[in-house]
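As structure tokens, the structure follows; a few thoughts come after it.
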Amino acid sequence: PFMTSVMNIGALRWHFLLQSLENLQKNLLQLGSCLLVIQGEYESVLRDHVKKWNITQVTLDAEVEPFYKEMEAKIRSLGEELGFKVLSLISHSLYDAQRILDLNGGTPPLTYKRFLHVLSLLGDPEVPVRNLAAEDFQRCRPPDLCLAEHYRVPLPVDLKIPTESLSPWKGGETEGLQRLEQHLMNQGWVASFTKPRTIPNSLLPSTTGLSPYFSLGCLSVRTFFYRLSNIYAQSKHHSLPPVSLQGQLLWREFFYTVASATPNFTKMVGNPICLQINWYEDAERLHRWKTAQTGFPWIDAIMTQLRQEGWIHHLARHAAACFLTRGDLWISWEEGMKVFEEMLLDADYSINAGNWMWLSASAFFHQYRRIFCPVRFGKRTDPQGHYIRKYLPILKKFPSKYIYEPWTASEEEQKEAGCIIGQDYPFPMVNHKEVSDHNLLLMKQVREEQYR
């Protein structure tokens, strides 16, 4: 109930989460322990079980999201009332966001460059704790409870989650560690990685694809940080932040830090770092974007991959976000953020909202004249349109010269491809050149007014 009250979690993420819990249960059993899953409101669950199980300490991750801060405060209050200690540990992030803010002299504004300077004063993050061994669990295993049916990891059917909604991404620590090791084997790739050179429409992820595993705690972000440090130490030359792999972890940290000190971070109104823009409200256009019916194959292929797999490359996210907001449709970034929150396996309060503000040029990013073209951007790295053919099979028979703009093919050519534009696949919902020019003027006007 708590999770669904603060996040709109889609079926793919639920499956990924349940797979992760099953994997955790399996790994704990091998160590002589087990995972007990208790369903219900956390306050009533704690009240029921503190005395029943003689609980003396409750441990939780320290998080920056307002709803987790509120939960921690309530648990501390319960601890005082019921007599248990509360231990809150920084483990989901590399650093304590509050320490970074204190070194910065309080709350934001905080640029990424300034942020890196503050981190240099802090030094490297804490080394990850050692892996737990079997003996750590001998004294804490609750007798007979592991066999109790009502403490098992729920099945999708128990939570009324559609069973046909399965992503090719599999949840859990075991899968996450395998992916980590697979990437770290190629030390040359790790050392030379630069984010802008990765390919958004490659048929396999051209980045690490580890974000879903960090998001749900299947992988330690500190483990990754220090494994990267070891590879960098053995390399004569390696890429640096902001474009390196460690730089990507620090971007994640940057958004956590700013979010922790910014009221209403996931909203426009009442958000002190966000431009206040009169976005259009258009439910039909929003729906067409969400359901891959924009008529621009590159954008529709991205939104199809998102719906089917729960993951898309960061540059594909940029293209889809720019199209919805300042590029073409002029619809609020909040609407796009909600769609990503529902569909992404790695959906995250701070990073999701931060990136949507960035791509809509509402905060952080000020080169708003740079608009992603929904035709040329994808064509640059995949001129044959393999990505479009995979995710929009209705267009797969079009020659490469038409695959990004099928409406420019003649009627005869469309018949040969087995797809009539306007009938089997929609015409473009906007004239990109016209609307992007118009939106550019609107954005210029908004920024000038608010800066003045």
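None of the figures in this text is laboratory data; all of them are computed from the coordinates on show. Note that the structure is predicted; figures quoted are calculated from it, not measured. Cβ: placed from backbone, ideal geometry, glycine included. Neighbour counts: every protein chain shown.
Things to note:
- Extension gain for the segment L204 to S120, taken as residue separation times 0.36 nm less the Cα-Cα distance, is 26.7 nm to one decimal.
- Kyte-Doolittle at least 0.0, axis length at least 20 Å by Cα - qualifying DSSP helices, the chain: 245-260
- Given the alternatives (1) 27.9; (2) 22.1; (3) 24.4, mean projected area of the Cα convex hull in nm² as computed for this entry is given by (3).
- Using the rule -39500 (n - 2.57) for each DSSP H run of four or more residues, divided by the residues of the chain, the 222 nm mean residue ellipticity is -14000 deg cm²/dmol.
- Efficiency of FRET between R369 and V37 - r from beta-carbon atoms, R0 56 angstrom, step 0.05: 0.65
- Divided by 2.2 N^0.38 Å, where N counts the residues, the Cα radius of gyration of the stretch 386-452 comes to 1.61.
- Translational diffusion of the stretch 283-451, µm² s⁻¹ [Kirkwood Rh, Cα pairs; Stokes-Einstein; 10 °C; 1.306 mPa s]: 97
- Remark: the K390-S44 segment gains 119.7 nm on full extension, using 0.36 nm per residue and subtracting the alpha carbon distance.
- Positive end of the dipole of the stretch 54-126 (Cβ unit charges, origin at the Cα centre): among G106, L89, Y68, the Cα lying farthest that way belongs to G106.
- A DSSP coil position with no more than 15 other Cβ atoms inside 10 Å describes the following trypsin sites (Lys or Arg not before Pro) in the stretch 258-300: K267.
- Sequence-distant residues sharing a close amide H with Y425 (under 5 Å, placed H): I420
- Taking other residues whose beta carbon is less than 13 angstrom from the beta carbon of L440, and scoring Lys, Arg as +1 and Asp, Glu as -1, yields +2.
- Straightening the chain between E448 and K195 buys 87.9 nm, computed as 0.36 nm per residue apart minus the Cα-Cα spacing.
- Note on N54/N230: beta-carbon distance plugged into 1/(1 + (r/R0)^6) with R0 of 45 Å gives a FRET efficiency of 0.55.
- Kirkwood-Stokes translational diffusion coefficient of the stretch 285-356, alpha-carbon pairs, 25 °C, 0.890 mPa s, µm²/s: 207
- With both labels modelled 7 Å from their Cα along Cα-to-Cβ, the T381 to K74 distance reads 4.2 nm.
- Over the stretch 224-301, equivalent-ellipsoid semi-axes from the Cα gyration tensor in Å: 36, 22, 9
- Distance between the 7 Å Cα→Cβ label points at M185 and W407: 4.6 nm.
- Considering only the Cα atoms of the stretch 1-126, their convex hull presents on average a projected area of 10.7 nm².
- Remark: spin-label model distance M7-K113 equals 3.4 nm, labels positioned 7 Å along the Cα→Cβ axis.
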